[in-house]
Amino acid sequence: MLPAEEAQMVSEHILKHGIDLRLESEISEILDDGNGSVSGVVTKSGEHIKCNFVGLTVGVSPNIQFLKESGIEINRGILVDEFLRTNIPDVFAIGDCAEIRKPAVGRKPIEAVWYTGRTMGQFVAHTVCGKPTAYDPGLWFNSAKFFDIEYQVYGEILATRPEQTQTFYWQHPELEKSIRIDFKKDTKQVIGFNLMGIRFRQEVCHHWIKNGTTINEVMQNLALANFDPEFYEEYEEQIVNTYNKEYGEQVKHQGKRKLSLVNRLLSKI
Amino acid sequence: MSTNYKSISVASHHQTENLSTVQKISLAMLSLGGLMQVIYWFGGLTEAPSLWLWPSLLLGAVGTAWYGYDQYNNKIPGVKNNGVWFKSLTSRGSVAWMLGIILTAFYIILYWFPQYLGLGSKETGNTGLIRLFDPLSQMITGHDASQWFVYGALYTFIIFFLGLKFIWKYRYNKYQVFRTISIMFFQTIIAFLLPSVLESFSLPFNDFKNIWPLNYYFFFDWHIDELLASGNFGIFVLFWGILSFLVLTPILTYFYGKRWYCSWVCGCGGLAETAGDPFRQLSDKSLKAWKIERWMIHSILVFVFLMTALVLYTRFTGQEYFLFLNSGAVSNLYGFLIGSAFSGVIGVGFYPLMGSRVWCRFGCPMAAYLGLLQKTKSKFRITTNGGQCISCGNCSTYCEMGIDVKSYAQRGQDIVRSSCVGCGICSAVCPRGVLRLENAGNDIDKRAKETRAMFGDFE
Ligand SMILES: Cc1cc2nc3c(=O)[nH]c(=O)nc-3n(C[C@H](O)[C@H](O)[C@H](O)COP(=O)(O)OP(=O)(O)OC[C@H]3O[C@@H](n4cnc5c(N)ncnc54)[C@H](O)[C@@H]3O)c2cc1C
Ligand code: SF4
């Protein structure tokens, strides 16, 4: 899911929190303690690990078998049209269980994430309140928190990068902070932002991606996107210098972490 | 290994209060220091006070600082509020009730029965707790301690050392660090040392940051007389007092919001932010509480204006009565009800039960004034980050002013609330980077008008 560098950072962080992470192991057996409770697990390599609780987290799948006989059309999820309607009048489905018949370009029919569920809720609320509004997922974004590392993503960041995408990655020399900006090789237009331990403004990233802003221009104004609390370390200069070095560019950073400038960029005044 | 856990929650209360060795030792030091003061208070120790004052203060200081250091030391960067709902002290348990009662009783004694603290007359001298503080008072003011000196000293001590603990807890958040240093500075230097030094020069006691109407007696007869009797200095204080209310406050609030005062300067806020930090989650977030808050705080603002107008009326006309209102009686009533009972007894005594900002939220007329300015004409707001809120409610939980931050954040609405003191904790605890305290002038009239989280595509 995450690109290699970020995944590495998260793995190290999880280890720091005292969790014995075994990325290469697989469970082959769960052992019974004789009283119907678990006593341990055995891995494929034959190792025996004692425990009294097992959690299995292998992806999410809609639990909709109870709808089989209901007449509502289902596939992997509950099938809905662009108004989030099922085949039965006045029955809607949203969130993890909904499967969109014709998803938007680049989006999956089932998106088991919080923001998709909430956005769908906003649309369906309009529709059921008498203002039918077709679901538009908008630009992809997400966030999470891995113990103490905050993670935000805006736009398209793929773990395995396609041929026509270039990436710029900067990581703080000591702290668990990084930013990644993906952009198109030919036009240099930015397509995605990936942030670890640094907060970025959704609206600014969104604006840049929507308007096909080039990476150089983004670099020039990078501070406008920053959403860290006041007085936090400002590393924009450092990031832009790294970028200049790696890409042989001469960008000069001019941005400031100031809401009034952001308002101007988004022409909200 | 065949324990069957009923709860599999990672927040389960199976083991939340494991004290480290250092914490045990530091708590012992702190208790010992406190005990010395209590025993001295009740006459169990009769030696010269300096023999017990300095060791008790030292034990208290080292104990508090060391405890706080150890509690957050060796922790991975991040906000640590683990287990607050499982600890008796921070979840209105028995320890909280006991502490609340002790604090309340202490305030009652302080305000109305200072003789029980050992306050004596000039001839007899002090006894008990107040005598214990005579050496410190002698050192700073040149005369024996009063109950107010003891209170000020303890107050400053607590803000300073629990401030260190707070800084250590939030050390990865520079906003928290800077504003706590500011609070510690204003309390130690401006509120405690400077006024005491002024006294030692026979000038009137004056805390320059205690602005009317928080400093409700500023326009009282005796106070104005005292100022007028002390020459240029008195005139300066009078001038500064009026200027800080009329000019400084509106200007600073325009640029930075109410926070410049409430969470950077004020002593009441200072105690709430440092000693009160473990209790911030106890504030009532209900709509009903908000309603009560607005009625109460604005009534008190009206009360202080009326009371001050009456007092000045009497001063300039010599008339004690305006209609049926007796200015002396009204100002006494204000002093008793608001100045003492509310701000002290309830304001601090109830920390462990109602959260740390009861006074600031429901009672303080200065907060009401700042709030009106913040709401109508200020660059300040808490910006929400597009549609990133996950409605987890951390921000609302830790809002000491009882603002339901989440209800704004989840619809992407900026937060402009007169009660917001700008402590920045909501922004610190938010797991998704949704909240930022900021100032901007170019959209000042549009603050909080739009909701950004509507629809995936919110442009
Ligand atoms: C461990 C984990 C971490 C996650 N982290 C993230 C993240 O970082 N970012 C992100 O964007 N998303 C994340 N997600 C995904 C996100 O939590 C879900 O997409 C979101 O909660 C889905 O909301 P929902 O309302 O569609 O479904 P749910 O929240 O699953 O709600 C479905 C409800 O229906 C009830 N129900 C089920 N069957 C029946 C029945 N027969 N009758 C009545 N009620 C029934 C269930 O009890 C449940 O309350 C995570 C999910 C998991 C499991
Ligand atoms: S803490 Fe952040 S994510 Fe949680 S409700 Fe508040 S704003 Fe939303």
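Key figures for this structure:
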quantity	calculated
Pairs with Cβ under 8 Å, 6+ apart, first in segment B:77-91 and over 16 Å from B:I425 (Cβ atoms), second in a loop (DSSP other than H, G, I, E, B) and of a type in the set (S, T, N, Q)	B:G83/B:T16; B:W85/B:S91; B:F86/B:T16; B:K87/B:T16
Count of segment A:124-143 residues which are facing chain B (nearest Cβ under 8 Å) and either within 16 Å of ligand 2 (Cβ to nearest atom) or surrounded by 15 or more Cβ atoms within 10 Å (Cβ to Cβ) (or both)	5
Helices (runs of 4 or more DSSP H) enclosed by segment B:125-211 - at least 2 residues per element that are of a type in the set (V, I, T)	B:134-141, B:147-169, B:174-185
Listing of helices (runs of 4 or more DSSP H) fully contained in segment A:171-269 that carry 1 or more residues being β-branched (V, I, T) and within 27 Å of B:G424 (Cα to Cα)	A:202-210, A:236-247, A:259-265
Tally of residues being out of contact with any Phe, Trp or Tyr (no Cβ under 6 Å at 6 or more places or on another chain) and assigned to a loop (DSSP other than H, G, I, E, B) across segment B:53-79	6
All positions within segment B:368-424 that are among the β-branched types (V, I, T) and part of a loop (DSSP other than H, G, I, E, B)	B:I390, B:I403, B:V416, B:V421
Lone qualifier among B:K446, B:K379 - being surrounded by fewer than 24 Cβ atoms within 10 Å (Cβ to Cβ), within 14 Å of chain A (Cβ to nearest Cβ) and more than 29 Å from B:Y172 (Cα to Cα)	B:K446
Lone unmet requirement of (1) surrounded by 21 or more Cβ atoms within 10 Å (Cβ to Cβ); (2) within 12 Å of chain B (Cβ to nearest Cβ); (3) part of a loop (DSSP other than H, G, I, E, B) for A:I157	(2)
Pick from segment A:80-123, criterion away from every other protein chain (no Cβ under 11 Å) and in contact with a helix residue (DSSP H, G or I) (Cβ under 7 Å, 6 or more places away or on another chain), ranking: modelled with the lowest pLDDT	A:A112
Matching residues in segment A:71-98 - criterion: being over 14 Å from A:A134 (Cα atoms) and either in contact with a Lys or Arg (Cβ under 8 Å, 6 or more places away or on another chain) or not in a loop (DSSP other than H, G, I, E, B) (or both)	A:I74, A:I78, A:L79, A:V91, A:G95, A:D96, A:C97, A:A98
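The values are calculated or read from the model by the stated rules, or taken from the named source; none is laboratory data. These numbers were taken from a predicted model, which means no experiment stands behind them. Ideal geometry is used to build each Cβ from the backbone, glycine not excepted, and the neighbour counts take in all protein chains shown.
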